[in-house]
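Heads up: the structure comes next, in structure tokens.
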Amino acid sequence: MSSTASTPSRSTAVAKPRLSLAQICYMSFGFLGIQFGFALQNGNTSRILRSFGADVDQLPMFWIVAPLVGMIVQPLIGHYSDRTWNRLGRRKPYFLTGALLSCAALVFLPNSGAVSSIVPALWIGAGMVMIMDASFNVAMEPFRALVADNLPDSQRTSGFAVQTFLIGIGAVVGSELPSILAKNGFSQEAGKSGVADNIRYSFYIGAAVFVIAILVTVFKSKEYPPAEYEKYHGKNETAEKAGLAEIVKDFGRMPRTMRQLGLVQFFSWFALFSMWVFTTDAVATHVYGLSGDYAKSVAYNDAGNHVSSAFGTYNLVAAVYALCLPFVAKLLGRKGTHAFSLIAGGIGLISIYFIKDPAMLTYSMIGVGLAWASILAMPYVILSGAIPPGKLGIYMGIFNFFITLPQIINGICGGWIVKHIYNGQPIYAIVLAGFCMLCAAVSVLFVYDEGAVKIKSGLS
């Protein structure tokens, strides 16, 4: 592996060649598997932990482990993937490592009850969530940098849109899988393991899909070797020090666009965390009318299946809408597109409060799907045009701080708010999430989009 890097000069770089649609798809195909795993985690972790004995107000504290791990892992992976080159490439070694670890966690999480005689299943489950999220982050972070590595500014909206489309496809199937298996004879009752068969086998299938999708990217996509990378990104002019100290320096030198996007990301991901953590219990109590010790009931699992399917709906909408993002961006601009999408998401989340029939969740999730597609694409499109080319990995990793920090804050205070302010009614956490989406929509209008300025000036 090479550990040398330096600050590239934009003026000495030549324009990167445009890639075909097939090349862009292969480059991001692994994200389909990553999001398949994320969909299973987001849609089912709360009910798995509830079946192991967690109270609803404790859920954010278990979920907080994931963003804490991401805050540490992503900048490190970004930093070292910028400096890696071996037989597999620059980013691919991290794809593979993350995929193998993720598969192990996906298989073990729903079976945590098997070791409950040694350690409480709840704590084993929480540990598996931590390992799973760390592994997802190892596999995921380099994908953002790979798109920025290989595509010129003029293709980045399309590149991230294709990535979001593949994310949506993986998430749709991952979200729907527990319901599909339940309809095909797999039990929804918690057995000796504490987790229903339809959930356990969904996680096994997710592990297999994860590895296969990553291997498609590894074998079918190209990375520029160091000499060619330097040709497209500029000649390295000054040697940099590697290590943790350089990450701290890079954090202090982050571009203005990145700092401004931080506020947008804060509101967006605070909202998403609430949605993932509380929607199942919000629907179970507010729509189904469940109360008391309902976490192991068939009705609760039915509510969970409805929520998982609804999450599949927002991911399906996101997959379709992602393909429209380049065209919408031409009409509304990058910032206008993101603002419009976030407003739709905010309205969708707030509307859940007024639902009495669980089937109506589908309509609420349409707005959430528009927001989700944009959250996965537009901030990175805007950001990538403002990052020095030799720093793509590290800054994409540092940018994760603005995703993990709001989730950590929500994890610390969200459960307390639900218990003591909302009187144990998680539906109000979903309403607050909707208003946070609206705040994000306003915030993005004040972001300076350096990449869009360069495109208009004919510099990219």
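Using the Karplus curve 6.51 cos²θ - 1.76 cosθ + 1.60 with θ = phi - 60°, what ³J(HN,Hα) values do you get for each residue of segment 39-55, in whole Hz, with x for Gly and Pro?
Here the 3J(HN,Hα) series is 4, 5, 5, 5, x, 10, 4, 4, 6, 5, 5, 5, 5, 8, x, 6, 7 Hz.
Run the dipole for segment 17-106 about the Cα centre, Lys and Arg Cβ at +1, Asp and Glu Cβ at -1, nothing else charged, and hand back the magnitude in debye, nearest 20.
My answer is approximately 500 debye.
Past the 15 angstrom mark, what percentage of all C-alpha to C-alpha distances in segment 134-218 do you count?
Every Cα pair in segment 134-218 considered, those over 15 Å come to 68 percent.
Considering every pair of different Cα atoms, what Kirkwood radius, in Å, is found for segment 332-453?
Result for segment 332-453, one decimal place: 15.9 Å.
Sort 301-307, 98-104 for me by packing, meaning the mean count of neighbouring Cβ atoms within 10 Å per residue, highest on top.
Per-residue mean Cβ counts within 10 Å order the peptides as 301-307, 98-104.
Rounded to the nearest 20 debye, what is the charge dipole size of the chain about its Cα centre when +1 sits on each Lys and Arg Cβ and -1 on each Asp and Glu Cβ?
Computed charge dipole of the chain: roughly 1160 debye.
In the structure shown, do any of Lys231/Lys330; Lys16/Lys335; Lys220/Lys249 have a Cα-Cα gap over 32 Å, and if so which?
Pairs exceeding the cut-off: Lys220/Lys249.
Apply the Karplus curve 6.51 cos²θ - 1.76 cosθ + 1.60, θ = phi - 60°, to the phi angles in segment 286-292 and return the couplings in whole Hz, x for Gly and Pro.
7, 9, 7, x, 6, 8, x
Which whole-number percent gives the relative contact order of the chain, counting Cα pairs below 8 Å spaced six or more residues apart?
Rounded, it is 29 percent for the chain.
Hey, what does the equivalent ellipsoid look like for the chain, semi-axes from the Cα gyration tensor as sqrt of 5 times each eigenvalue, largest first, whole Å?
Whole-Å semi-axes of the equivalent ellipsoid: 37, 24, 20.
Okay, helix-only estimate at 222 nm for the chain: each DSSP H run of n ≥ 4 adds -39500 (n - 2.57), divide by all residues, round to 500 deg cm²/dmol; what do you get?
It lands at -24000 deg cm²/dmol.
Which one of Ala318, Leu106, Val173 is farthest out on the positive end of the charge dipole of the chain, using unit charges on Cβ (Lys, Arg +1; Asp, Glu -1) and the Cα centre as origin?
The residue sitting farthest along the positive end of the dipole is Ala318.
Any idea which of Leu215, Tyr288, Phe62 is furthest toward the positive side of the dipole for the chain, if Lys and Arg beta-carbons carry +1 and Asp and Glu beta-carbons -1?
Leu215
Extension gain His420-Arg256, at 0.36 nm per residue separation less the Cα-Cα distance, in nm?
55.2 nm
No value in this document is a laboratory result; all are computed from the given coordinates. These numbers come from a predicted model, not from an experiment. Note that we place each Cβ from the backbone using ideal geometry, even for glycine, and neighbour counts take in every protein chain shown.
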